[in-house]
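What follows is a single structure, written as structure tokens, with notes after it.
The values are calculated or read from the model by the stated rules, or taken from the named source; none is laboratory data. From a predicted model like this one, the values you see are computed outputs, not experimental measurements. So basically every Cβ, Gly included, is an ideal-geometry build from the backbone, and we count neighbours across all protein chains shown.
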Protein chains: 2
Amino acid sequence: MSRGSLTPGASPGFTESPGSLPISRLSFNQITAERASLKEVVDACARHGVPYVAVWRHKLAEVGVKAAACLLRDAGVRVSSVCRGGMFPAATGEERAARIEDNRRAVDEAAALGAGVLVLVCGAAPDKDIAAARRMVADGIAALVPYARERGVRLGIEPMHPGFAADRSCITTLQEARCLAERFDLSTVGVVADVYHIWWDPELYDQLARAAGRLVGFHVSDWLVPVRDILMNRGMMGDGVIELRRIREAVERTGYAGPIEVEIFNHGVWDTPLDILVPLVKERYLACV
Amino acid sequence: MSRGSLTPGASPGFTESPGSLPISRLSFNQITAERASLKEVVDACARHGVPYVAVWRHKLAEVGVKAAACLLRDAGVRVSSVCRGGMFPAATGEERAARIEDNRRAVDEAAALGAGVLVLVCGAAPDKDIAAARRMVADGIAALVPYARERGVRLGIEPMHPGFAADRSCITTLQEARCLAERFDLSTVGVVADVYHIWWDPELYDQLARAAGRLVGFHVSDWLVPVRDILMNRGMMGDGVIELRRIREAVERTGYAGPIEVEIFNHGVWDTPLDILVPLVKERYLACV
């Protein structure tokens, strides 16, 4: 498992393989090029024939929603999702209300960009009470649903790896995310499956099957070995231990046929120039996913 | 959540609290003082009235089993468990057989030290196939069971945090560990519950209840925030986000009344002199567990 074969074509094994996905489903999640601006990412995607981007709100704030919508339209690049809403648990009712209000702004932004999905990173407990945090997440989503429904934006609950349970999300498994989503109507609340967060789950394939009809996003990267910093441990598809093809095929059996986002937090990836990185992402997507 | 209040009595909140455990159940897991020898740890436990230690094999190898048994007997300190057996998956049948043979030596050592339990850290896949690795674990335990049964040593399957799924154990949840244990007789194969590995699980309390009668060990530490290196992210009880008292009470409802091991991988803890560390462990055990 190499940590950094970041040169396109470096390995003859990484060419389009039988059963490859069409490029028409590829989305470049903006965090994969954290050091670039939205315009730089969108232009690179247009230049290299990547049809979708996933947009992060901190990058969107740098240009503003109107300018972003223009540059996306001009480039002919669509938005697969906006990252991220969520972060519902907080110590006070006032702070929780403020976060729900911020989530409404995220819904507005997703609607303005024509993104069908707002990804929810649900948030961690403000204290030790993870059960209470889970209730705050359910309450927050319930408060957000009518607003999202009116604007035609689906909320995608992303279960996160248990390594993030105290920092980013108390919702840690596909089963938990699906059961939470099932409290709401199918057309407004779904589940986002990210291989990095779910690959280890002994119930992975059962739970994917049960999520049929509820998946609203699929994210790919890889899990590098050995593990160092758990946030930055993602790798380019093919460089780690995740059975990407097997998981993707299980996701397809659920009926999900939407964009597939490549989302990689990795300093080596972030240091790679866009005109090397975007072709490499395409190559690995075709060869490994 | 402080990362390092390693001074006994530093906080007036950390005194014996209502519902405290008896010291008679406390075990000092040797890895909590990784830089000390077995003799140093055993002597410190004797000096400070800690009745049990958990012994690691790499430390045991430094003195030999006979000398270790003598020094434990002389000090009047008992062994709660030997760490660790397991690591069953490997790329070749020859290597898997060698690992089972090594596990038999671990059973011998546990028997020689009067330890009732050999903790199994089951191992990770040698490649990307985590399902195959799980089968190798089941096969390895099946091969080991008759030998362990004859020697009166129970095998304790320890589910590990999913952050270790590619490095240390493909067995990641209490449910998975219990279902695996249930393939074997109750008197030979059980489950070890370590709060660090299981605290995040949305099914934690249900799964603990289902493990009634199968628990053969309970390990405590804490989960520090923010997470850095996932291996070394453990903290002293009370310094992190784990609801230790609540989990311990759930463990007691399963009927488990055996030793409670304090097992902390943390460089700050490892740098603390034993005559400060052992009293602090006692204090936090009484106040927080």
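A few points about this structure:
- Residues of the range B:208-220 that turn out to be of a type in the set (V, I, T) and either surrounded by fewer than 23 Cβ atoms within 10 Å (Cβ to Cβ) or over 18 Å from the mean Cα position of the chain (by Cα) (or both), as a count: 0
- Qualifying positions in the range A:150-166 - in a helix (DSSP H, G or I) and within 14 Å of A:G85 (Cβ to Cβ): none
- Test for B:V241: is it of a type in the set (V, I, T) and farther than 26 Å from B:A131 by Cα: yes
- Number of positions in the range B:243-262 that are under 15 Å from the mean Cα position of the chain (by Cα) and among the hydroxyl-bearing types (S, T, Y): 1
- Count - residues of the range B:145-183 that are of a type in the set (D, E), crowded, with 18+ Cβ neighbours inside 10 Å and within 14 Å of another protein chain (Cβ to nearest Cβ): 1
- Taking the numbered list (1) away from chain A (no Cβ under 14 Å); (2) crowded, with 20+ Cβ neighbours inside 10 Å; (3) within 17 Å of the chain's Cα centre (by Cα); (4) in contact (Cβ under 8 Å) with a residue 60 or more places away in the chain in turn, B:L280 passes all entries but (3).
- Residue match in the range A:192-210 (condition: more than 21 Å from A:L231 (Cα to Cα), touching a Cys at 6+ places or on another chain (Cβ under 9 Å) and within 14 Å of another protein chain (Cβ to nearest Cβ)): yes
- Test for A:A181: is it under 20 Å from A:A138 (Cβ atoms), small (G, A, S) and in contact with an Asp or Glu (Cβ under 9 Å, 6 or more places away or on another chain): no
- Lone qualifier among B:V107, B:V41, B:V55, B:V119 - being touching a Lys or Arg at 6+ places or on another chain (Cβ under 7 Å), at negative phi and either among the charged types (D, E, K, R) or in contact (Cβ under 8 Å) with a residue 60 or more places away in the chain (or both): B:V119
- Count of residues meeting criterion [assigned to a loop (DSSP other than H, G, I, E, B) and out of contact with any Pro (no Cβ under 8 Å at 6 or more places or on another chain)] in the range B:167-194: 8
- Residues satisfying the stated conditions in the range A:105-144, i.e. surrounded by 15 or more Cβ atoms within 10 Å (Cβ to Cβ) and among the basic types (K, R): A:K128, A:R134
- Among the residues of the range A:221-242, those that are more than 16 Å from the chain's Cα centre (by Cα) and either more than 8 Å from chain B (Cβ to nearest Cβ) or in contact (Cβ under 8 Å) with a residue 40 or more places away in the chain (or both) comprise A:L224, A:V225, A:I230, A:G238, A:D239, A:G240, A:V241, A:I242.
- Residue in the range A:149-156 that is over 20 Å from A:S27 (Cα atoms) and either basic (K, R) or touching a residue at least 60 places away in the same chain (Cβ under 8 Å) (or both) present: yes
- Of all residues assigned to the range B:93-103, none qualifies as being more than 25 Å from B:I23 (Cβ to Cβ), within 14 Å of chain A (Cβ to nearest Cβ) and buried (at least 19 other Cβ atoms within 10 Å of the Cβ).
- Residue in the range B:238-246 that is surrounded by fewer than 21 Cβ atoms within 10 Å (Cβ to Cβ) and not in a loop (DSSP other than H, G, I, E, B) present: yes
- Residues located in the range A:91-131, provided they are assigned to a loop (DSSP other than H, G, I, E, B), modelled with pLDDT of 95 or more and under 19 Å from the mean Cα position of the chain (by Cα): A:L113, A:G114, A:A115, A:C122, A:A124
- Some residue of the range B:254-262 being under 30 Å from B:A131 (Cβ atoms), surrounded by fewer than 24 Cβ atoms within 10 Å (Cβ to Cβ) and more than 14 Å from chain A (Cβ to nearest Cβ): yes
- Residue list for the range B:16-68, restricted to those being small (G, A, S), part of a loop (DSSP other than H, G, I, E, B) and either under 24 Å from B:A106 (Cβ atoms) or under 14 Å from the mean Cα position of the chain (by Cα) (or both): B:A36, B:S37, B:G64
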